[in-house]
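Report on one structure; see the data block that follows.
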Amino acid sequence: MTHRPVKSLLTGLCLAFAVLSNPAPAAAEDPQAVAQKVYAQIKSDLNVGLSNALVDEHFDIHTMAAQALGEPFRGFSAEQKTAYVQAFDIYFKKALYRVLTAYKDVTLSDLNSKVDGNHAVIRCVVKPAAGDAVNLALNLSLAQDSWKANDVSVENISLIRSYRPQFSSLYKQNGFDGLVEFLKSH
């Protein structure tokens, strides 16, 4: 049984592998090779602090935020959507940084990828220095000649969809302002 902190770590690490090259799909670099390079870059970056630019460039925060909340997001005004996505961005970056700095020693194995048009999945097995190996799948979409991560699954459980019950509950109990405040403060 994998413990929650290890799953959080592995989720963060797999999300960090989202850096894929910018060429069109036919000319794109092999996702496996890119993932290995990115892993080395992230380990190096952790010594000086994970750059917000890494997340900004390689994660589709808007899509992730919308999927994490689900139906209520569709009813938000444009201003509310902007405020919520900005708060989600803060939440996600803090969570990713905490996870990556807490667990630096992992081994990747069985790294493979499947590209189907504008969608790709990178699958790998991540083995922390202590604990059980975990299967991860990183979902990416190609938009404007750039691959961006929009979800990750740990043992076939979607990170973004796992946020939905918590965020929906916070929204129902505390309203829009309460949800945004929670995301900014955690």
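Just so you know, in the stretch 25-72 the residues that are more than 19 Å from Lys114 (Cβ to Cβ) and β-branched (Val, Ile, Thr) include one that is modelled with the lowest pLDDT, and it is Val48. Of all residues in the stretch 145-166, count the ones that are part of a strand (DSSP E or B) and touching a residue at least 40 places away in the same chain (Cβ under 8 Å). Residues meeting the conditions: 8. Taking the criterion of being surrounded by 15 or more Cβ atoms within 10 Å (Cβ to Cβ), more than 17 Å from Ala83 (Cα to Cα), without any contact (Cβ under 8 Å) to a residue 40 or more places away in the chain and not aromatic (Phe, Trp, Tyr), would at least one residue in the stretch 167-186 satisfy it? No, that holds for no residue. Checking Arg98 against (1) surrounded by fewer than 17 Cβ atoms within 10 Å (Cβ to Cβ); (2) over 16 Å from the mean Cα position of the chain (by Cα); (3) within 24 Å of Ala53 (Cβ to Cβ): exactly one of these is not met. Which one? Tallying (1) surrounded by fewer than 17 Cβ atoms within 10 Å (Cβ to Cβ); (2) over 16 Å from the mean Cα position of the chain (by Cα); (3) within 24 Å of Ala53 (Cβ to Cβ), Arg98 fails exactly one: (2).
The values are calculated or read from the model by the stated rules, or taken from the named source; none is laboratory data. Here the structure is a predicted model, which is why all the values come from computation and not from measurement. FYI the Cβ positions are ideal-geometry reconstructions off the backbone, even for glycines, and counts take in every protein chain you see.
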